[in-house]
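S.K.: Got a structure for you, written out below as structure tokens; questions coming shortly.
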Amino acid sequence: MYKIESKDVNLYYGEHHALKNISLQMKANTVTALIGPSGCGKSTYLRLLNRMNDLIENVRIEGTVLIDNKDIYARGIKIDELRKKVGMVFQKPNPFPKTIFENVAYGLRVNGISNKSYIEERVTRSLQNAALWEEVKDKLKKSAFELSGGQQQRLCIARALAIEPSIVLMDEPASALDPISTAKIEELIYELKDKYTIVIVTHNMQQAARVSDRTAFFYIGEVVEYNDTKEIFTNPKNQRTQNYITGRFG
Amino acid sequence: MKKILSYIFGRIITVLLYLSGSVTSIIVVLIVIFLFSEGSGLFGKKPTEEGFIMAVNKTNNVKHLDAEQIKLIFDGEITNWKKVGGRNDSIILFRMDNITDFFTEEQRENPDSVIKLLGENYERLPQCISRVVEANPGIIAFVGKKYIDKNFAGKELKIDKITISDFLFGKLWFPTAHPVAVFGALPLLLGTFWVSIFAILFALPLGLATAIYMAEVAHPTVRNILKPVIELLAGIPSVVYGFFGLVVVVPFIQNTFNLPVGETALAGSIILGIMALPTIITISEDAIRTTPRSMKEASLALGATHWQTIFKVILPYSSSGITAGAILGIGRAIGETMAVLMVTGNAAVIPHTLLEPVRTIPATIAAELGEASQGGLHYEALFTLGCILFIITMIVNLAVEIISSRNKRVAS
Ligand SMILES: Nc1ncnc2c1ncn2[C@@H]1O[C@H](COP(=O)(O)OP(=O)(O)OP(=O)(O)O)[C@@H](O)[C@H]1O
Ligand SMILES: [Mg+2]
């Protein structure tokens with residue numbers, strides 16, 4: 001049984017056919033990397049999984065997306081409930097203009113949790129899981145904007161982890177960061193795998209190779225190849241995949 | 001050749017721009033100087049008419065009175081010297097035209113004796129006044145200076161000069177009263193304050209709700225229709241609002257609250273609130289829309305509902321823009337003249353409830369400037385009101401400036 005499963009998904013931005021017949025399955029507690037040239041639909045696919053595309057006008061979606069075997073586009077699905085289960089980390093760190101503590105507590109508060117000690121415990125644990133605790137434990141009351149870019153991104157990860165989702169979507173989480181912060185986040189992804197199912201978009205081939213179990217290569221709205229990461233990087237079946245991972249285009 | 005021409009042309013344009021810029025600045029400065037020099041002329045002057053004095057009996061121990069006290073005395077509201085710091089003696093009013101009241105019955109009945117007392121051409125009037133003042137210990141006489149000769153048996157009562165605190169905190173506004181004009185602007189200040197505050201209390205929630213609706217809830221087509229309509233509201237001349245207020249709001253208030261007149265502070269607040277709405281809506285909506293999409297998405301991705309996102313992320317993020325909109329709205333309300341003049345009833349008294357007539361500063365200036373003679377006290381008092389309005393508006397604009405610069409810092 002798969003954690004995430006999409007069957008023949010087509011997505012249109014108005015006239016633009018952005019996703020073409022995408023069928024992907026992802027097992028629980030694995031890391032799946034989505035790679036491919038810019039504009040090929042990686043973010044679009046990722047945002048399909050927590051229904052973020054619903055915010056955009058004129059989006060039309062066909063096909064089925066199942067999470068835990070439930071159609072997330074079925075009628076009567078509560079989108080906010082879905083998003084509590086499917087956390088997301090964005091490309092650019094986007095902390096709220098609030099304190100570090102309040103950033104992490106936000107998801108709990110909007111869930112109606114008000115028990116102070118429980119919130120404190122969860123915030124601490126999330127910051128620890130995001131490998132940020134040691135750096136911020138003395139300044140939880142400071143504005144999140146006082147953190148460095150890498151710290152902000154780990155804060156955003158902590159924020160996503162605080163509501164205990166079972167899936168974490170990451171859209172180029174390290175693209176705006178320096179090598180050291182990037183390494184920290186990669187390490188983190190590796191550790192998070194035990195508890196979460198992770199889907200990560202990345203432009204960095206080494207990163208995909210390092211952190212993921214499975215890799216999907218997207219090309220102009222289609223999935224050209226989807227296989228174990230080792231296979232994709234050592235023995236790609238498709239010529240375009242090979243060209244892309246060897247850096248001949250992209 | 002062409003090069004030289006375009007160079008000269010460029011120079012001319014530069015000079016013209018420079019000139020128009022400096023001329024405009026100079027004009028603005030001159031207007032401000034003019035306003036304040038006219039407006040400050042009021043202070044240090046006596047509120048009585050030129051050439052008249054207040055005289056009392058020599059035994060009277062009151063040394064000086066202020067304009068408000070004199071006004072109350074001549075209105076018959078203060079009838080005992082005790083009230084103004086004198087001894088216990090009732091006050092007797094004396095004006096030139098009621099001099100015959102002080103004659104005896106027979107003197108008054110007999111035209112000959114009147115002439116004998118006053119003289120054929122009133123040449124004995126000074127002695128007569130002197131005698132009356134001497135005979136009545138409780139008298140206060142308002143007489144022309146020319147009828148006071150050197151043998152005058154009474155003494156002149158000093159009248160306090162108009163001070164800034166009298167002007168700001170005085171409770172009576174009677175700029176054309178006799179024998180003294182009273183310039184207490186407190187009722188006007190409070191009137192302006194009440195009307196503006198309640199206008200904003202009523203307009204802010206409504207405007208904010210509309211802004212949220214337009215920016216976050218409404219379908220784009222609805223928004224595209226609504227936005228120009230609301231901007232159009234800002235362009236309607238204020239007399240039209242005043243007229244609407246007079247025909248619709250005033251009778252409505254009169255009927256609902258069962259009042260003798262519907263022209264009240266409430267009517268002014270409602271009309272001003274409606275007039276401030278476009279400003280508040282447009283600026284708040286812009287502020288709400290500048291909330292970065294990434295903030296909204298971050299909130300939604302954490303499972304927050306749309307409304308939670310609005311209240312917990314979007315509104316805090318745009319709060320300074322919304323504040324600026326509200327303050328600018330108040331600014332418009334404070335300076336508004338015509339519409340308020342038409343619906344507030346224009347009574348220069350301190351309001352105790354919203355259901356009483358009030359009068360605002362701009363309405364006062366507009367209504368009274370026509371009847372005030374140029375250079376006179378009344379005229380100068382109106383200019384002082386203008387200065388106060390100028391200062392208030394300046395503070396409002398400064399506040400907006402500070403708040404929006406803080407906004408920029410947060411955003412960057
Ligand atoms: N909101 C939108 N409205 C219309 N078209 C869009 C929208 N978002 C994306 N697209 C289009 O859909 C296609 C896929 O975009 P997407 O953002 O998924 O690409 P991507 O693979 O994530 O690219 P990148 O690597 O640059 O982030 C692109 O052609 C893009 O122009
Ligand atoms: Mg992308």
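S.K.: Looking for whichever is of a type in the set (Asp, Glu) and either over 24 Å from A:Ala130 (Cβ atoms) or under 14 Å from the mean Cα position of the chain (by Cα) (or both) here; the options are A:Asp228, A:Asp213. Which one fits?
M.R.: One residue alone meets the criteria, A:Asp228.
S.K.: Restricting the search to the stretch A:1-45, which residues are in contact (Cβ under 8 Å) with a residue 12 or more places away in the chain and of a type in the set (Asp, Glu)?
M.R.: The answer is A:Glu5, A:Asp8.
S.K.: Something else: Consider B:Leu17 carefully, then state whether it is out of contact with any Gly (no Cβ under 9 Å at 6 or more places or on another chain), more than 25 Å from B:Gly144 (Cβ to Cβ) and not charged (D, E, K, R). Steps first, please.
M.R.: Numbers: out of contact with any Gly (no Cβ under 9 Å at 6 or more places or on another chain): yes; more than 25 Å from B:Gly144 (Cβ to Cβ): yes; not charged (D, E, K, R): yes.
Taking the combined requirement at face value, the residue satisfies it.
S.K.: Which residues, taken from the stretch B:53-67, are under 15 Å from B:Lys161 (Cβ atoms) and open to solvent by less than 70 Å² (accessible area, probe 1.4 Å)?
M.R.: Residues satisfying the conditions are B:Ile53, B:Met54, B:Leu65, B:Asp66, B:Ala67.
S.K.: Among helices (runs of 4 or more DSSP H) lying entirely in the stretch B:241-320, which contain 3 or more residues that are within 14 Å of chain A (Cβ to nearest Cβ), of a type in the set (A, V, I, L, M, F, W, C) and at negative phi?
M.R.: In the stretch B:241-320, the matching helices (runs of 4 or more DSSP H) lie at B:293-301.
S.K.: Follow-up. Being open to solvent by 30 Å² or more (accessible area, probe 1.4 Å), out of contact with any Leu (no Cβ under 8 Å at 6 or more places or on another chain) and among the β-branched types (Val, Ile, Thr) is true for just one of B:Thr279, B:Thr256, B:Thr291. Which residue is that?
M.R.: So the residue among B:Thr279, B:Thr256, B:Thr291 that is open to solvent by 30 Å² or more (accessible area, probe 1.4 Å), out of contact with any Leu (no Cβ under 8 Å at 6 or more places or on another chain) and among the β-branched types (Val, Ile, Thr) is B:Thr256.
S.K.: Oh, and also: For A:Ile167, indicate whether it is over 26 Å from A:Ile245 (Cα atoms), away from ligand 1 (no atom under 16 Å from the Cβ) and under 15 Å from the mean Cα position of the chain (by Cα).
M.R.: The answer is yes for A:Ile167.
S.K.: Restricting to the stretch B:1-51, and then to whatever is open to solvent by 70 Å² or more (accessible area, probe 1.4 Å) and under 30 Å from B:Ala135 (Cβ atoms), can you tell me which residue is modelled with the highest pLDDT?
M.R.: Ranking the candidates gives B:Lys46 first.
S.K.: Can you tell me which condition A:Ala28 does not meet? The list is (1) more than 16 Å from ligand 2 (Cβ to nearest atom); (2) surrounded by fewer than 19 Cβ atoms within 10 Å (Cβ to Cβ); (3) over 19 Å from the mean Cα position of the chain (by Cα), and all the others hold.
M.R.: (3)
S.K.: If you scan the stretch A:23-34, which residues turn out to be within 12 Å of ligand 1 (Cβ to nearest atom) and at pLDDT below 95?
M.R.: Correct list: empty.
S.K.: Condition first: away from ligand 2 (no atom under 15 Å from the Cβ) and crowded, with 21+ Cβ neighbours inside 10 Å. Now tell me which residues in the stretch A:43-71 satisfy that.
M.R.: Answer for the stretch A:43-71, where residues must be away from ligand 2 (no atom under 15 Å from the Cβ) and crowded, with 21+ Cβ neighbours inside 10 Å: A:Val65, A:Ile67.
S.K.: Name the residue, out of A:Thr44, A:Thr64, that is within 12 Å of ligand 1 (Cβ to nearest atom) and either away from chain B (no Cβ under 12 Å) or assigned to a strand (DSSP E or B) (or both).
M.R.: A:Thr44
S.K.: Let me ask another. Sort through A:Lys92, A:Lys84 and tell me the only one that's within 30 Å of A:Glu121 (Cα to Cα) and either within 16 Å of ligand 2 (Cβ to nearest atom) or part of a loop (DSSP other than H, G, I, E, B) (or both). So that I can check it myself, show each step before the final result.
M.R.: On the way: A:Lys84 fails: either within 16 Å of ligand 2 (Cβ to nearest atom) or part of a loop (DSSP other than H, G, I, E, B) (or both).
So the residue among A:Lys92, A:Lys84 that is within 30 Å of A:Glu121 (Cα to Cα) and either within 16 Å of ligand 2 (Cβ to nearest atom) or part of a loop (DSSP other than H, G, I, E, B) (or both) is A:Lys92.
Residues checked against (1) touching a residue at least 40 places away in the same chain (Cβ under 8 Å); (2) within 14 Å of chain A (Cβ to nearest Cβ):
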| position | (1), (2) |
| --- | --- |
| B:Gly331 | yes, no |
| B:Val343 | yes, no |
| B:Val349 | yes, no |
| B:Glu371 | yes, no |
| B:Ile392 | yes, no |
| B:Leu398 | no, no |
| B:Arg406 | yes, yes |
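S.K.: Turning to a different aspect of this structure: Could you say whether any residue in the stretch B:354-371 is surrounded by fewer than 20 Cβ atoms within 10 Å (Cβ to Cβ) and of a type in the set (S, T, N, Q)?
M.R.: Taking every residue of the stretch B:354-371 in turn, none turns out to be surrounded by fewer than 20 Cβ atoms within 10 Å (Cβ to Cβ) and of a type in the set (S, T, N, Q).
S.K.: Of all residues being among the aliphatic types (A, V, I, L, M) and away from chain B (no Cβ under 14 Å) in the stretch A:68-100, which is nearest to B:Val217 (Cα to Cα)? Just the residue, please. Working first, answer last.
M.R.: Here is the first cut: in the stretch A:68-100, the ones among the aliphatic types (A, V, I, L, M) are A:72, A:74, A:77, A:79, A:82, A:86, A:88-89, A:100.
Restricting the remaining residues to those that are away from chain B (no Cβ under 14 Å) gives A:74, A:100.
Details: A:Ala74: 23, A:Ile100: 30 Å.
So the residue we want is A:Ala74.
S.K.: Something else: Would you say A:Val199 is within 16 Å of ligand 2 (Cβ to nearest atom) and crowded, with 18+ Cβ neighbours inside 10 Å? If you could, list the steps in order and put the result at the bottom.
M.R.: Details: within 16 Å of ligand 2 (Cβ to nearest atom): yes; crowded, with 18+ Cβ neighbours inside 10 Å: yes.
Yes; evaluated as a whole, the condition is true for this residue.
S.K.: Do the conditions hold for B:Leu389, that is, is it farther than 30 Å from B:Phe257 by Cα and open to solvent by 20 Å² or more (accessible area, probe 1.4 Å)? I'd like the intermediate steps shown before the answer.
M.R.: Values: farther than 30 Å from B:Phe257 by Cα: yes; open to solvent by 20 Å² or more (accessible area, probe 1.4 Å): yes.
It is true that B:Leu389 is farther than 30 Å from B:Phe257 by Cα and open to solvent by 20 Å² or more (accessible area, probe 1.4 Å).
S.K.: Still on this structure, please answer the following. Provide a single number: the residues in the stretch A:72-81 that are open to solvent by 10 Å² or more (accessible area, probe 1.4 Å), of a type in the set (A, V, I, L, M, F, W, C) and either closer than 19 Å to B:His306 by Cβ or in a strand (DSSP E or B) (or both).
M.R.: Filtering the stretch A:72-81 for residues open to solvent by 10 Å² or more (accessible area, probe 1.4 Å) gives A:73-81.
Retained after the next criterion (residues that are of a type in the set (A, V, I, L, M, F, W, C)): A:74, A:77, A:79.
Going one step further and asking which of them are either closer than 19 Å to B:His306 by Cβ or in a strand (DSSP E or B) (or both), we end up with A:77, A:79.
Residues in the stretch A:72-81 being open to solvent by 10 Å² or more (accessible area, probe 1.4 Å), of a type in the set (A, V, I, L, M, F, W, C) and either closer than 19 Å to B:His306 by Cβ or in a strand (DSSP E or B) (or both): 2 in total.
S.K.: To continue, here is another question. In this structure, is A:Ser166 over 24 Å from A:Ser43 (Cβ atoms), open to solvent by 20 Å² or more (accessible area, probe 1.4 Å) and away from ligand 2 (no atom under 16 Å from the Cβ)?
M.R.: For A:Ser166, the condition - over 24 Å from A:Ser43 (Cβ atoms), open to solvent by 20 Å² or more (accessible area, probe 1.4 Å) and away from ligand 2 (no atom under 16 Å from the Cβ) - is not met.
S.K.: While we're on this one: Have a look at A:Thr44, A:Thr30 and point out the one that is in contact with a Ser or Thr (Cβ under 8 Å, 6 or more places away or on another chain) and of a type in the set (Ser, Thr, Tyr).
M.R.: Details: A:Thr44 fails: in contact with a Ser or Thr (Cβ under 8 Å, 6 or more places away or on another chain).
Answer to the check: A:Thr30.
S.K.: Pairs, please: C-beta under 9 Å, at least 6 apart or cross-chain, first residue outside the structural domain of B:Asp89 (by TED's automatic domain parsing) and in the stretch B:136-158, second open to solvent by 20 Å² or more (accessible area, probe 1.4 Å) and not in a loop (DSSP other than H, G, I, E, B)?
M.R.: As it stands, the answer is none, since no pair meets every condition given.
S.K.: Among (1) more than 16 Å from ligand 1 (Cβ to nearest atom); (2) at pLDDT below 95; (3) within 13 Å of chain B (Cβ to nearest Cβ); (4) open to solvent by less than 40 Å² (accessible area, probe 1.4 Å), which single condition is A:Ala130 missing?
M.R.: (3)
S.K.: So B:Val261 clears everything in (1) in contact (Cβ under 8 Å) with a residue 12 or more places away in the chain; (2) open to solvent by 10 Å² or more (accessible area, probe 1.4 Å); (3) under 30 Å from A:Asp80 (Cβ atoms) except one condition, right? Which one?
M.R.: (3)
S.K.: Same structure, new question: Of the numbered conditions (1) within 15 Å of ligand 1 (Cβ to nearest atom); (2) open to solvent by less than 10 Å² (accessible area, probe 1.4 Å); (3) small (Gly, Ala, Ser), A:Gly87 fails exactly one; give the number of that condition.
M.R.: Of (1) within 15 Å of ligand 1 (Cβ to nearest atom); (2) open to solvent by less than 10 Å² (accessible area, probe 1.4 Å); (3) small (Gly, Ala, Ser), only one is false for A:Gly87: (1).
S.K.: Another question, then. Just to be sure I understand, how many residues within the stretch A:47-61 are among the β-branched types (Val, Ile, Thr) and either more than 8 Å from ligand 1 (Cβ to nearest atom) or within 26 Å of A:Tyr244 (Cβ to Cβ) (or both)? Before you say what the answer is, go through the steps one by one.
M.R.: To start, the set of residues in the stretch A:47-61 that are among the β-branched types (Val, Ile, Thr) comprises A:56, A:59, A:61.
Still in the list and also either more than 8 Å from ligand 1 (Cβ to nearest atom) or within 26 Å of A:Tyr244 (Cβ to Cβ) (or both): A:61.
Residues flagged as among the β-branched types (Val, Ile, Thr) and either more than 8 Å from ligand 1 (Cβ to nearest atom) or within 26 Å of A:Tyr244 (Cβ to Cβ) (or both) within the stretch A:47-61 amount to 1.
S.K.: With the checklist (1) charged (D, E, K, R); (2) surrounded by 19 or more Cβ atoms within 10 Å (Cβ to Cβ); (3) assigned to a loop (DSSP other than H, G, I, E, B) in hand, flag the one item B:Asp166 doesn't pass.
M.R.: (3)
S.K.: Out of the helices (runs of 4 or more DSSP H) lying entirely within the stretch A:133-250, which hold 2 or more residues that are within 14 Å of another protein chain (Cβ to nearest Cβ)?
M.R.: Those helices (runs of 4 or more DSSP H) span A:149-162.
S.K.: Please find, within the stretch A:95-117, the residue that is farthest from ligand 1 (Cβ to nearest atom) out of those that are over 24 Å from A:Gly150 (Cα atoms) and not in a helix (DSSP H, G or I). Spell out how you get there, then give the answer.
M.R.: Going residue by residue through the stretch A:95-117, those that are over 24 Å from A:Gly150 (Cα atoms) are A:109-117.
Narrowing the set further to residues that are not in a helix (DSSP H, G or I) leaves A:111-115.
Details: A:Asn111: 28, A:Gly112: 31, A:Ile113: 33, A:Ser114: 36, A:Asn115: 39 Å.
Ranking the candidates gives A:Asn115 first.
The values are calculated or read from the model by the stated rules, or taken from the named source; none is laboratory data. What you are looking at is a predicted structure, and each value in this text was computed from that prediction instead of being measured. Glycine also receives a Cβ, built like all others from the backbone with ideal geometry; neighbour counts cover every protein chain displayed. Note: accessible area is taken over every heavy atom of the protein model, side chains too, but ligands, DNA and RNA are not part of it. Shrake-Rupley method; radii C 1.70, N 1.55, O 1.52, S 1.80 Å.
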